[in-house]
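For reference, the structure is listed below as structure tokens.
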Amino acid sequence: RSGVLRQVRDETVDLGLTGGRVFDDDLEILHVSRDRMHVVCPQGHPLAQGGPLTASLLARHPLVLMHPSTSVRAVVDAAFATSGLPVVIAAEPTYMSTAVGMVRAGLGIAILPGSAMEVRAEAALASRPIADDAFMREVSLIKRAGRTLPPASETFARVLIQAMQVELV
């Protein structure tokens, strides 16, 4: 997350897409969308089907959670802290593809953003949205404040904003 903010601030990139709220006077938020967390588990897992997924159901299973420095992890940690439920963390990978591999290997269930292509990458795994709104994160499209975007970046930003108009689930 801080890498994206730094690159936009330093004008290494024209645009950034980052999870979580952005509070930085050097950056301008072009659009904010919401991204619901999903459980990724084997197709035959008890959580693969059934009723709404809640924090209390998730806390009963070993969890593969993203590294603590990520916005995904910040959302998950805050949601479990709010619920007051203890969790068992089986692994803390840096990459979502690694988390999916760990689920495939049987280490636990993963909690990943619904917008991540990894949640649909494996036919042997199920991806289901978590019903609790505490498992929702903001995703912001940002640029350097006061900077005019090049035409290609401006066009890309418009297309991306249109795609982000729908809540990411």
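The values are calculated or read from the model by the stated rules, or taken from the named source; none is laboratory data. These numbers were taken from a predicted model, which means no experiment stands behind them. Quick reminder, even Gly has a Cβ in these numbers, built from the backbone with ideal geometry, and neighbours come from all protein chains shown. All accessible areas refer to the heavy atoms of the entire protein, side chains included, with ligands and DNA or RNA removed. Shrake-Rupley method; radii C 1.70, N 1.55, O 1.52, S 1.80 Å.
Could you pull out every residue, at least 5 positions away or on a different chain, whose amide H is within less than 5 Å of the one on I89? Hs are placed 1.01 Å off N in the peptide plane, and Pro or chain starts have none.
So I89 has HN proximity to L63.
Could you give the length gained on full extension between A123 and S97, defined as 0.36 nm per residue of separation minus the Cα-Cα distance, in nm?
Extra length available between A123 and S97 comes to 8.0 nm.
Would any residue of segment 98-121 have its amide N under 12 Å from a label point 7 Å out along Cα→Cβ of V88? List them or say none.
107-109, by backbone N distance to the label point.
Give the average over all directions of the projected area of the C-alpha convex hull of segment 95-169, one decimal, in nm².
7.0 nm²
What are the residues whose amide H is under 5 Å from the amide H of R34, where those residues sit 5 or more places off or on another chain and H is modelled from the backbone?
Correct list: V139, L168.
Can you give me the Rg/Rh ratio for segment 1-91, using Cα atoms for both radii and the Kirkwood formula for Rh?
1.06
How big is segment 56-136 by Rg and Dmax over its Cα atoms, in Å?
Cα radius of gyration and Dmax of segment 56-136 are 11.7, 33 Å respectively.
Which percent of the accessible heavy-atom area of segment 13-109 goes to carbon and sulfur, probe 1.4 angstrom? Display every interim value, and only then the final one.
Working: 2630 of 4690 Å².
Answer for segment 13-109: carbon and sulfur cover 56 percent of the accessible area.
Which whole-number percent gives the relative contact order of the chain, counting Cα pairs below 8 Å spaced six or more residues apart? List each step's numbers first, then the result.
Working: 318 pairs, mean separation 68.8, N = 169.
Averaging sequence separation for qualifying contacts and normalising by length gives 41 percent for the chain.
So if R0 is 41 Å, what FRET efficiency would V13 and A59 give, r being the distance between their Cβ atoms, rounded to the nearest 0.05?
FRET efficiency, V13 to A59: 0.60.
Mind checking the log10 I(q)/I(0) for segment 28-79 at q = 0.19, 0.22, 0.28 Å⁻¹? Debye, one equal scatterer per Cα, no solvent, two decimals.
Calculated log10 I(q)/I(0) at the listed q: -0.78, -0.97, -1.29.
Per the Debye formula with a single identical scatterer at each Cα and no solvent contribution, what log10 I(q)/I(0) holds for segment 27-169 at q = 0.21 Å⁻¹?
-1.24
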